[in-house]
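All remarks here apply to the structure that follows.
Please treat every number below as a calculation from the coordinates, not as lab data. Fair warning: this is a prediction, and the values are worked out from it, not measured in the lab. No Cβ is skipped: glycine too gets one built from the backbone with ideal geometry, and neighbour counts run over all protein chains shown.
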Amino acid sequence: MSYVVGITGASGAPYAQTLLRYFYRRKISTHLLITKAGLQVIKEEINLDLGKTPKTLEKGLESFIGEEYKKFVVLHDLEDWYSPLASGSFETSAMIIIPCSVHTLSAIATGQSSNLLERRADIMLKEKKPLVIVLREMPLNTIHLEHLLKLSQMGVHILPAMPGFYHHPKTIQDMVDFVVGRALDVLDIPNDLYKRWGSS
């Protein structure tokens with residue numbers, strides 16, 4: 001089993017980092033796509049400059065994910081149309097975009113494929129494979145809601161980055177873990193990142 005993880009320019013880099021580290025610790029095969037805006041948000045929110053060249057990205061991802069991340073994670077260039085992710089014949093279990101910007105939401109809802117991330121999302125739709133969107137935006141306007149409704153009707157899992165509080169979070173990481181845990185639930189990946197309602 002392998003998963004595609006997309007990171008875009010919405011606020012929420014800690015969500016992506018927590019998910020990727022969870023996959024890394026469990027040796028889950030991952031195909032990673034990061035937009036330029038996603039790199040900027042990671043720099044702003046985690047104070048980690050992943051750089052722009054393959055060499056700097058490789059070093060930066062060691063800090064972002066783990067030192068031996070390349071054993072389980074393949075980073076794809078957004079402009080690499082020879083990537084296997086550009087084809088529907090390349091099988092992956094599911095795709096999650098975390099966080100997802102409204103720009104990327106709009107591109108997916110309107111069938112655009114201007115980069116490899118959008119193309120892979122379009123493939124997941126046409127192949128009727130699981131696609132999870134962790135949207136990070138507020139407030140939402142009518143256009144956003146229409147796009148979300150359209151994608152929901154196509155079977156996309158819409159998971160707004162809205163942490164719960166019934167588990168009495170003590171830290172920001174507790175709130176991040178709640179959202180990532182719910183995302184893993186949607187992907188049907190067992191996890192104990194958060195205290196479930198009714199559990200002792």
Name the single residue that is surrounded by the most Cβ atoms within 10 Å (Cβ to Cβ) among those in the stretch 19-58 being in contact with a Leu (Cβ under 8 Å, 6 or more places away or on another chain), over 25 Å from S106 (Cβ atoms) and among the hydroxyl-bearing types (S, T, Y). T30
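List the helices (runs of 4 or more DSSP H) inside the stretch 102-190, counting only whole elements, that have at least 2 residues being under 17 Å from the mean Cα position of the chain (by Cα) and aromatic (F, W, Y).
Working: elements: 102-109, 116-126, 142-153, 172-186.
Ranges flagged: none.
Here's the yes/no breakdown for (1) touching a strand residue (DSSP E or B) at 6+ places or on another chain (Cβ under 9 Å); (2) within 21 Å of M138 (Cα to Cα); (3) of a type in the set (S, T, Y):
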| residue | (1), (2), (3) |
| --- | --- |
| G9 | yes, yes, no |
| L19 | yes, no, no |
| I34 | yes, no, no |
| N47 | no, no, no |
| L50 | yes, no, no |
| K55 | no, no, no |
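Quick check: is even one residue across the stretch 54-71 among the polar types (S, T, N, Q), free of Cβ contacts under 8 Å to residues at least 24 places away in the same chain and either assigned to a helix (DSSP H, G or I) or touching a Gly at 6+ places or on another chain (Cβ under 9 Å) (or both)? Please lay out each step first, then the result.
Residues of the stretch 54-71 that are among the polar types (S, T, N, Q), as a first pass: 56, 63.
In the following step, the residues that additionally are free of Cβ contacts under 8 Å to residues at least 24 places away in the same chain were identified as 56, 63.
Filter once more, keeping what is either assigned to a helix (DSSP H, G or I) or touching a Gly at 6+ places or on another chain (Cβ under 9 Å) (or both): 56, 63.
Yes, there is a match, as at least one residue in the stretch 54-71 is among the polar types (S, T, N, Q), free of Cβ contacts under 8 Å to residues at least 24 places away in the same chain and either assigned to a helix (DSSP H, G or I) or touching a Gly at 6+ places or on another chain (Cβ under 9 Å) (or both).
A quick yes/no check of all residues on (1) over 22 Å from E127 (Cα atoms); (2) touching a Gly at 6+ places or on another chain (Cβ under 9 Å):
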{"residue": "L148", "(1), (2)": "no, no"}
{"residue": "S152", "(1), (2)": "no, no"}
{"residue": "A161", "(1), (2)": "yes, yes"}
{"residue": "Y166", "(1), (2)": "yes, no"}
{"residue": "K170", "(1), (2)": "yes, no"}
{"residue": "R182", "(1), (2)": "yes, yes"}
{"residue": "R196", "(1), (2)": "yes, yes"}
Taking the stretch 134-183, which residues are loosely packed, with under 12 Cβ neighbours inside 10 Å and in contact (Cβ under 8 Å) with a residue 40 or more places away in the chain? I172
Filter result for the condition that a residue is of a type in the set (V, I, T) and either surrounded by fewer than 14 Cβ atoms within 10 Å (Cβ to Cβ) or touching a Phe, Trp or Tyr at 6+ places or on another chain (Cβ under 8 Å) (or both), over V73, V102: V73
Considering only the stretch 172-182, I want to know if a residue exists there that is farther than 16 Å from R21 by Cα and of a type in the set (S, T, N, Q). no
Consider only pairs whose beta carbons are under 7 Å apart and that are at least six residues apart or on different chains; among these, list those whose first residue lies in the stretch 76-100 and is more than 20 Å from K36 (Cα to Cα) and whose second residue is assigned to a loop (DSSP other than H, G, I, E, B) and of a type outside the set (S, T, N, Q). P84/F90; G88/E127; S93/M1; A94/K129; A94/P130; A94/L187
